[in-house]
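The values are calculated or read from the model by the stated rules, or taken from the named source; none is laboratory data. Small disclaimer: the values here were computed from a predicted structure and weren't measured. Backbone-built Cβ (ideal geometry, glycine too); neighbour counts: all protein chains shown. For accessibility, only protein heavy atoms count, side chains too; no ligands or nucleic acids. Shrake-Rupley method; radii C 1.70, N 1.55, O 1.52, S 1.80 Å.
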Amino acid sequence: MVGYLTRSTPPLSDGPVPALPPVPGLIARLRPGPPGWSFVKPSILPGFRLTFGYTLVYLSLIVLIPIIGLFLKAASVPLEEIVRIATAPRTLKALEVSFGSSLIAALVNVVFGLIVAWVLVRYRFFGRRLLDAIVDLPFALPTAVAGIALSALYAPKGWVGSLFSERGPLWQWWQAQTWLPFGISEFAPNLKIAYTPSGIVIALIFIGLPFVVRTVQPVLEEFEAELEEAAATLGASRLQTIVRVILPRLTPAVLTGFALAFARAVGEYGSVIFIAGNLPHISEIAPVLIVIKLEEFDQAGAAVIAGIMLVIAFVMLLVINLIQAWSRRRFGDV
Amino acid sequence: MDIRVENIRKQFSLYPALDDVSLDIRSGELIALLGPSGSGKTTLLRLVAGLETPTAGRIYFGDEDASLRTVQERNVGFVFQAYALFRNMTVLDNVSFGLTVRPRATRPPKAEIRRRALELLDLVQLTGLEKRYPQQLSGGQRQRVALARALAVEPTVLLLDEPFGALDAQVRQELRKWLREIHDRTGHTTVFVTHDQEEALELADRLVVMSQGRIEQVGSPDEIYDRPANPFVFSFIGESSALPVTVKNHEVWTGGRAIGLPAPHEATGPASLYFRPHDIELVEDGAALAGVVAASRRVGGTRRVELEIGGHPDRVEIDLPFDHPAGERTRIAFRPKRWRVFPAGRGS
């Protein structure tokens, strides 16, 4: 049992045991254990075993066991079959679409999330609380509803989509620019948003919006006004202050928000299927492919793709966490 | 550069933080703004820096009206109580920040910036720590970095807001001496805010005593301590005892008799007598203040005694030699050696 590793009492031996002074209660727990490795640092806080045990059970039931089951399922597939599924053009394209759009969406969310957080924290205006509440809507709204609403809006006949469609004003304007060396059809032959990878990105931006805002907001709220004042007295312009003083301090929080938004986007299914069109090799995301495999009763294939997704996502999150740890050391606690 | 504050008024919401304050700061002097919290001293400092805008009044840097200039344009050096160092930058980058943000036309070349920053770190005795981050320094070191950073822009005036407030007593003592040295060497006009009168008396060429948004007195430490202009300054600076008295026939009276203190210029009527507890002499006979010992305690090398003076509920404090045999209920007669009588009505 893992918990026993925390015991710091030395094992009884035959030889004369050095007399330890009688230390009562809490002090006794602080007594240094045997030299070398110990599972947990001595602490006067009680309840480590109970809470750690609970954490393990909880994580196992909810996260670890299902994931282990997934990998076991994938492992039952012969290796050459795994390679075949993994390198199938359709799988590769789906993974590329999934991770590519998630990355773009998370990056867009970093920029706009920062601006939204800035506005919410720095200015006092009528309706600020309302706007603040709206930020959380993507959390609460069923993703399918969001997907349907977005696809209606961005479809070629939708309010926004019609602007970009072949008869839309943007297209017309572009066509009228005769001085351009290339026509719009060469530059962007397909200005459709819904039912293309662009649509996927929009859905993913929507569901990832709250993360960056909510992680950056508290840091920005606690940002010492004195730092900005110091920069100003030293002659720094507003822009220089933001770029050189404020943004570096927000980096760890931004990275957290980015990682959360990215992770959420990779796993998103509900909203994407409505706006993506799900065309194989074009706008099919990996989770959709997994569902398709399941519907074909190809559980092994689904498990292999899921396993690949999991490994890629895990590695990316790990890297982000390492960068974060580094930036935290570098810029102090945030 | 001379700095002139003219009829400055600053209103936060309802109450005025500064009420019609005027002050001349001479070029090259080290001047302290001293006062209890809420007296407006920090507000005055921030107004000079341009971190606040006055509700009314003007601030001149030399002959130029600085009120119209932004913080960036005023070129002041400001040191905050909580250091306000940029912790994403090394010590060297912190110090050179003010030079690196200059527009290209006035920005010195990189090597020159580095040379100047290192020179300043040398001045503040932090040579060799330029690669550290602020969080790897002690409080005293951080404040010295902050000072070097402020000096790097060659400020027209150096403003320090309770610069030693967050430091422990010993470091504070050390930095105080050292700030004086730096000031004497660089000759910057320096204004610093403090609520520590000892710090102000020891460090400053001139003191500005403030209370409730007004300037009570401006003067050298000696003037302020020896000739306080009003009861507030008397009781705020140093230790003091006060006693309600009456001025009659150009003499100070209390409890129905004269106590041997002449008051040739004071108007007849109720007044307050102020003196320092240590500045008294014990008298055996003749007109004097007499009281009964109500409490006494040993303070270092002296004995602080609280006396009840004839029927007054307020007690006065005097210092006696620690081996004085005064016990409870002993009757002691004394006369202040130096004192001030202020007409009643503006008590504190």
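Scoring A:S283 on the criteria (1) open to solvent by 40 Å² or more (accessible area, probe 1.4 Å); (2) hydroxyl-bearing (S, T, Y); (3) closer than 20 Å to A:L150 by Cα leaves a single failure, condition (1). Here A:E81 meets the list (1) among the charged types (D, E, K, R); (2) over 25 Å from A:G270 (Cβ atoms); (3) buried (at least 17 other Cβ atoms within 10 Å of the Cβ) almost entirely, failing just condition (3). Here A:L255 fulfils each of the conditions (1) touching a strand residue (DSSP E or B) at 6+ places or on another chain (Cβ under 9 Å); (2) more than 10 Å from chain B (Cβ to nearest Cβ); (3) of a type outside the set (K, R) apart from (1). For the range B:117-140, the candidate set comprises residues that are within 14 Å of chain A (Cβ to nearest Cβ) and under 30 Å from the mean Cα position of the chain (by Cα); within that set, the residue that is farthest from B:R185 (Cα to Cα) is B:Q135. If you go through the range B:135-181 and keep only what is in contact with a strand residue (DSSP E or B) (Cβ under 9 Å, 6 or more places away or on another chain), crowded, with 19+ Cβ neighbours inside 10 Å and assigned to a helix (DSSP H, G or I), you end up with B:Q143, B:A146, B:L147, B:R149, B:A150, B:L151, B:A152, B:L179.
Could you please let me know if A:I207 is open to solvent by less than 10 Å² (accessible area, probe 1.4 Å) and in contact (Cβ under 8 Å) with a residue 60 or more places away in the chain?
Here the answer is yes, as A:I207 does meet what is asked.
Exactly one residue out of B:A49, B:A56, B:A66, B:A82 is of a type in the set (A, V, I, L, M), within 14 Å of chain A (Cβ to nearest Cβ) and open to solvent by 30 Å² or more (accessible area, probe 1.4 Å): that is B:A82. When B:P264 is tested against (1) touching a residue at least 12 places away in the same chain (Cβ under 8 Å); (2) surrounded by 14 or more Cβ atoms within 10 Å (Cβ to Cβ), only condition (2) is not met.
If the condition is being of a type in the set (A, V, I, L, M, F, W, C), more than 21 Å from the chain's Cα centre (by Cα) and open to solvent by less than 80 Å² (accessible area, probe 1.4 Å), then the range A:290-302 contributes A:V291, A:I292, A:A300, A:A302. Scanning the range A:218-237 for residues that are in contact with a Ser or Thr (Cβ under 7 Å, 6 or more places away or on another chain) and open to solvent by 10 Å² or more (accessible area, probe 1.4 Å), which turns out nearest to the other protein chains (Cβ to nearest Cβ)? Only one residue fits best here, namely A:A232.
Taken as a whole, the structure leaves B:F275 outside the set of residues that are of a type in the set (F, W, Y) and either under 13 Å from the mean Cα position of the chain (by Cα) or open to solvent by 10 Å² or more (accessible area, probe 1.4 Å) (or both). For the range B:1-17, the set of residues classified as more than 19 Å from B:L68 (Cβ to Cβ) and either open to solvent by less than 40 Å² (accessible area, probe 1.4 Å) or at pLDDT 90 or above (or both) consists of B:A17 only. Being open to solvent by 20 Å² or more (accessible area, probe 1.4 Å), farther than 25 Å from A:E226 by Cα and away from every other protein chain (no Cβ under 14 Å) is a description that does not apply to B:A105.
Take the conditions (1) modelled with pLDDT of 90 or more; (2) over 20 Å from the mean Cα position of the chain (by Cα); B:A49 misses just one of them, which is (2). Going through (1) at pLDDT 85 or above; (2) touching a Lys or Arg at 6+ places or on another chain (Cβ under 8 Å); (3) of a type outside the set (D, E) one by one, B:P244 falls short only on (2).
Of the set (1) touching a residue at least 24 places away in the same chain (Cβ under 8 Å); (2) buried (at least 17 other Cβ atoms within 10 Å of the Cβ); (3) β-branched (V, I, T), all apply to B:I224 but (1). Exactly one residue out of B:T55, B:T70 is in contact (Cβ under 8 Å) with a residue 24 or more places away in the chain, more than 30 Å from B:S138 (Cβ to Cβ) and of a type in the set (V, I, T), and it is B:T55. Against the condition farther than 30 Å from A:I200 by Cα and exposed (fewer than 11 other Cβ atoms within 10 Å of the Cβ), how does A:R122 come out, does it pass? Judged against the criteria, A:R122 is a match. Looking across the range B:85-102, the residues that are more than 7 Å from every other protein chain (Cβ to nearest Cβ) and assigned to a loop (DSSP other than H, G, I, E, B) come down to B:L85, B:M89, B:T90. Over 12 Å from the mean Cα position of the chain (by Cα), within 14 Å of chain B (Cβ to nearest Cβ) and not aromatic (F, W, Y): is that true of A:I305 in this structure? When the stated conditions are applied, A:I305 does not pass them.
Here A:S165, A:S198 are screened, and the one residue that is away from chain B (no Cβ under 13 Å), within 30 Å of A:L137 (Cβ to Cβ), surrounded by fewer than 19 Cβ atoms within 10 Å (Cβ to Cβ) and modelled with pLDDT under 90 is A:S165.
Residues of the range A:140-155 that are over 12 Å from A:F206 (Cβ atoms), open to solvent by less than 50 Å² (accessible area, probe 1.4 Å) and over 20 Å from the mean Cα position of the chain (by Cα): A:A155 alone.
The rows are residues; the columns are (1) open to solvent by 30 Å² or more (accessible area, probe 1.4 Å); (2) closer than 23 Å to B:F234 by Cβ; (3) touching a helix residue (DSSP H, G or I) at 6+ places or on another chain (Cβ under 6 Å).
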| residue | (1), (2), (3) |
| --- | --- |
| B:D285 | yes, no, no |
| B:A294 | no, yes, no |
| B:V299 | yes, yes, no |
| B:E306 | yes, yes, no |
| B:G310 | yes, yes, no |
| B:F322 | yes, no, no |
| B:T330 | yes, no, no |
